[in-house]
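Encoded as C-alpha coordinates, here's the structure I'll be asking about.
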Amino acid sequence: MDAQGLDGRAELDRLLPRWHFREVHRVCVAASAEAVMRAVWETTWAEAPVARALVALTRADVGRERRIVADFLGGMGEMVRAGEREVLFVGVDTLEDGRARPEGSAVDVVRGCAEPGLLKVVMNVRYGGGVLSTETRVYATDDRTRRRFRPYWLAIRAGSGLTRTSMLRAIRRRALSGGAERP
(Lines give C-alpha, C1' and ligand atoms only; values in the text may rest on other atoms or scores of the structure.)
Protein backbone atom coordinates (compact mmCIF):
# COMPACT_ATOMS: atom_id res chain seq x y z
CA MET A 1 0.00 0.00 0.00
CA ASP A 2 1.71 3.17 -1.13
CA ALA A 3 -0.16 6.09 0.29
CA GLN A 4 1.82 8.95 -1.21
CA GLY A 5 -0.13 12.14 -1.09
CA LEU A 6 -2.43 10.93 1.69
CA ASP A 7 -2.04 12.46 5.09
CA GLY A 8 -1.63 9.94 7.92
CA ARG A 9 -4.98 10.62 9.50
CA ALA A 10 -6.78 9.95 6.22
CA GLU A 11 -5.03 6.59 5.84
CA LEU A 12 -5.78 5.54 9.42
CA ASP A 13 -9.39 6.62 8.96
CA ARG A 14 -9.64 4.78 5.66
CA LEU A 15 -8.45 1.50 7.17
CA LEU A 16 -10.40 1.61 10.42
CA PRO A 17 -12.87 4.52 10.48
CA ARG A 18 -14.89 3.00 13.35
CA TRP A 19 -13.42 1.50 16.48
CA HIS A 20 -14.41 0.23 19.90
CA PHE A 21 -11.12 0.85 21.70
CA ARG A 22 -8.68 3.68 21.10
CA GLU A 23 -5.61 5.27 22.62
CA VAL A 24 -3.58 8.28 21.46
CA HIS A 25 -0.23 9.59 22.73
CA ARG A 26 1.80 12.60 21.60
CA VAL A 27 5.11 14.34 22.24
CA CYS A 28 6.44 17.55 20.74
CA VAL A 29 9.66 17.22 18.77
CA ALA A 30 11.51 20.28 17.50
CA ALA A 31 13.35 18.54 14.68
CA SER A 32 13.01 18.10 10.95
CA ALA A 33 10.59 15.49 9.65
CA GLU A 34 13.53 13.61 8.12
CA ALA A 35 15.36 13.41 11.46
CA VAL A 36 12.24 12.30 13.31
CA MET A 37 11.26 9.63 10.79
CA ARG A 38 14.85 8.36 10.64
CA ALA A 39 14.67 8.04 14.43
CA VAL A 40 11.33 6.20 14.15
CA TRP A 41 13.03 3.57 11.98
CA GLU A 42 16.28 3.40 14.01
CA THR A 43 15.25 3.56 17.69
CA THR A 44 15.95 0.33 19.57
CA TRP A 45 14.33 -1.25 22.60
CA ALA A 46 17.50 -0.41 24.57
CA GLU A 47 16.65 3.27 24.13
CA ALA A 48 13.16 2.78 25.59
CA PRO A 49 13.79 0.64 28.69
CA VAL A 50 10.31 1.13 30.16
CA ALA A 51 8.69 0.05 26.89
CA ARG A 52 11.07 -2.90 26.60
CA ALA A 53 10.35 -4.08 30.16
CA LEU A 54 6.60 -3.85 29.69
CA VAL A 55 6.59 -5.58 26.30
CA ALA A 56 8.94 -8.28 27.65
CA LEU A 57 6.21 -9.26 30.13
CA THR A 58 4.23 -10.73 27.25
CA ARG A 59 6.93 -11.47 24.65
CA ALA A 60 10.24 -13.20 25.16
CA ASP A 61 11.86 -11.96 21.94
CA VAL A 62 12.39 -8.29 22.81
CA GLY A 63 16.12 -7.95 22.19
CA ARG A 64 17.79 -4.74 23.35
CA GLU A 65 19.31 -3.95 19.96
CA ARG A 66 16.23 -4.78 17.91
CA ARG A 67 14.49 -1.84 16.35
CA ILE A 68 11.13 -1.06 17.91
CA VAL A 69 9.32 -0.30 14.69
CA ALA A 70 10.58 -3.48 13.04
CA ASP A 71 8.78 -5.83 15.42
CA PHE A 72 6.10 -3.86 17.22
CA LEU A 73 3.14 -6.14 16.51
CA GLY A 74 5.12 -9.36 16.61
CA GLY A 75 3.56 -12.09 14.52
CA MET A 76 0.08 -10.58 14.63
CA GLY A 77 0.26 -8.11 11.79
CA GLU A 78 1.99 -6.19 9.05
CA MET A 79 3.95 -2.99 9.00
CA VAL A 80 2.91 -0.62 6.22
CA ARG A 81 4.73 2.54 5.23
CA ALA A 82 1.99 5.09 4.59
CA GLY A 83 3.80 8.06 3.17
CA GLU A 84 6.95 9.80 4.29
CA ARG A 85 5.74 10.75 7.76
CA GLU A 86 3.80 7.74 8.95
CA VAL A 87 4.19 4.05 9.64
CA LEU A 88 1.09 1.88 10.11
CA PHE A 89 0.86 -1.45 11.89
CA VAL A 90 -2.14 -3.46 10.80
CA GLY A 91 -3.16 -6.68 12.52
CA VAL A 92 -5.95 -9.16 13.01
CA ASP A 93 -6.29 -11.34 16.09
CA THR A 94 -8.78 -13.70 17.67
CA LEU A 95 -9.49 -14.47 21.30
CA GLU A 96 -9.81 -18.18 20.63
CA ASP A 97 -6.76 -20.44 20.89
CA GLY A 98 -6.07 -22.37 17.75
CA ARG A 99 -8.44 -20.37 15.59
CA ALA A 100 -6.90 -19.45 12.26
CA ARG A 101 -7.03 -15.91 11.06
CA PRO A 102 -8.84 -15.39 7.75
CA GLU A 103 -6.74 -15.74 4.60
CA GLY A 104 -5.17 -12.68 3.02
CA SER A 105 -3.04 -9.80 4.15
CA ALA A 106 -3.91 -8.07 7.41
CA VAL A 107 -4.76 -4.94 5.43
CA ASP A 108 -7.23 -6.88 3.26
CA VAL A 109 -8.82 -8.55 6.29
CA VAL A 110 -9.15 -5.24 8.16
CA ARG A 111 -10.70 -3.62 5.10
CA GLY A 112 -13.15 -6.32 4.12
CA CYS A 113 -13.72 -9.12 6.61
CA ALA A 114 -16.69 -8.99 8.98
CA GLU A 115 -16.37 -12.57 10.21
CA PRO A 116 -17.42 -12.79 13.90
CA GLY A 117 -14.73 -13.33 16.52
CA LEU A 118 -12.04 -11.05 15.09
CA LEU A 119 -10.20 -8.07 16.48
CA LYS A 120 -8.96 -5.62 13.86
CA VAL A 121 -6.02 -3.55 15.08
CA VAL A 122 -4.46 -0.50 13.45
CA MET A 123 -1.69 1.54 15.06
CA ASN A 124 0.35 4.33 13.59
CA VAL A 125 3.44 6.34 14.40
CA ARG A 126 3.18 9.71 12.70
CA TYR A 127 5.02 13.03 12.63
CA GLY A 128 3.49 16.32 11.56
CA GLY A 129 3.45 19.92 12.72
CA GLY A 130 6.16 19.32 15.33
CA VAL A 131 4.17 16.52 16.98
CA LEU A 132 5.15 12.85 17.05
CA SER A 133 2.11 10.72 17.82
CA THR A 134 0.85 7.20 17.97
CA GLU A 135 -2.77 6.14 17.76
CA THR A 136 -4.11 2.64 18.30
CA ARG A 137 -7.59 1.56 17.26
CA VAL A 138 -9.22 -1.80 17.86
CA TYR A 139 -12.48 -2.95 16.29
CA ALA A 140 -14.28 -6.13 17.38
CA THR A 141 -16.35 -7.70 14.63
CA ASP A 142 -19.15 -8.76 17.00
CA ASP A 143 -20.60 -7.93 20.43
CA ARG A 144 -19.33 -11.12 22.09
CA THR A 145 -15.75 -10.43 21.02
CA ARG A 146 -16.01 -6.82 22.16
CA ARG A 147 -17.32 -7.89 25.59
CA ARG A 148 -14.56 -10.50 25.93
CA PHE A 149 -11.82 -8.07 24.88
CA ARG A 150 -12.91 -5.16 27.14
CA PRO A 151 -11.44 -6.56 30.42
CA TYR A 152 -8.13 -7.19 28.66
CA TRP A 153 -8.08 -3.64 27.25
CA LEU A 154 -8.84 -2.18 30.67
CA ALA A 155 -6.11 -4.31 32.27
CA ILE A 156 -3.41 -3.36 29.77
CA ARG A 157 -4.40 0.27 29.18
CA ALA A 158 -2.01 1.85 31.71
CA GLY A 159 0.93 -0.33 30.66
CA SER A 160 0.18 0.25 27.01
CA GLY A 161 0.18 3.99 27.58
CA LEU A 162 3.52 3.82 29.38
CA THR A 163 4.91 1.70 26.54
CA ARG A 164 3.79 4.17 23.88
CA THR A 165 5.01 7.19 25.85
CA SER A 166 8.39 5.58 26.50
CA MET A 167 8.70 4.70 22.81
CA LEU A 168 7.81 8.24 21.66
CA ARG A 169 10.26 9.82 24.11
CA ALA A 170 13.05 7.50 22.96
CA ILE A 171 12.36 8.43 19.34
CA ARG A 172 12.41 12.12 20.27
CA ARG A 173 15.75 11.73 22.12
CA ARG A 174 17.30 9.99 19.13
CA ALA A 175 15.96 12.58 16.68
CA LEU A 176 17.34 15.43 18.78
CA SER A 177 20.68 13.80 19.62
CA GLY A 178 21.71 13.40 15.98
CA GLY A 179 22.16 17.15 15.52
CA ALA A 180 18.67 17.35 14.06
CA GLU A 181 17.87 20.75 12.62
CA ARG A 182 15.03 22.79 14.01
CA PRO A 183 12.04 23.17 11.71
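The values are calculated or read from the model by the stated rules, or taken from the named source; none is laboratory data. Here the structure is a predicted model, which is why all the values come from computation and not from measurement. Using ideal geometry, Cβ is built from the backbone for each residue, glycine included, and neighbour counts are taken over all protein chains shown. In case anyone asks, the SASA skips ligands and DNA or RNA and just uses the protein heavy atoms, side chains included. Shrake-Rupley method; radii C 1.70, N 1.55, O 1.52, S 1.80 Å.
What number of residues within segment 141-159 are within 17 Å of the chain's Cα centre (by Cα) and of a type in the set (G, A, S)?
Taking segment 141-159 as the starting set, the residues that turn out to be within 17 Å of the chain's Cα centre (by Cα) are 153, 156-159.
When the remaining residues are screened for being of a type in the set (G, A, S), the result is 158-159.
Of the residues in segment 141-159, 2 are within 17 Å of the chain's Cα centre (by Cα) and of a type in the set (G, A, S).
Also, I was wondering about something else. Could you list, in sequence order, the residues of segment 102-145 that are closer than 15 Å to V80 by Cα and in contact with a Gly (Cβ under 7 Å, 6 or more places away or on another chain)?
Scanning segment 102-145 gives A106, V121, N124, R126.
If you take just the helices (runs of 4 or more DSSP H) that sit entirely in segment 27-143, which of them hold at least 2 residues that are surrounded by fewer than 18 Cβ atoms within 10 Å (Cβ to Cβ) and in contact (Cβ under 8 Å) with a residue 40 or more places away in the chain? Outline the logic, then answer.
Values: elements: 33-42, 49-56, 106-112.
Filter on segment 27-143 gives 33-42, 49-56.
Could you please find all residues in segment 153-177 being open to solvent by 60 Å² or more (accessible area, probe 1.4 Å) and either touching a residue at least 24 places away in the same chain (Cβ under 8 Å) or touching a helix residue (DSSP H, G or I) at 6+ places or on another chain (Cβ under 6 Å) (or both)?
R157, L162, R169, R172, R173, R174, L176
For segment 15-35, does any single residue satisfy the condition of being modelled with pLDDT under 85, at negative phi and among the basic types (K, R)?
Of segment 15-35, the ones modelled with pLDDT under 85 are none.
No, because not a single residue in segment 15-35 is modelled with pLDDT under 85, at negative phi and among the basic types (K, R).
Evaluate the following for R126: is it farther than 12 Å from E23 by Cα, out of contact with any Asp or Glu (no Cβ under 9 Å at 6 or more places or on another chain) and at pLDDT 90 or above? Break it down stepwise before answering.
Details: farther than 12 Å from E23 by Cα: yes; out of contact with any Asp or Glu (no Cβ under 9 Å at 6 or more places or on another chain): no; at pLDDT 90 or above: yes.
So R126 fails the test.
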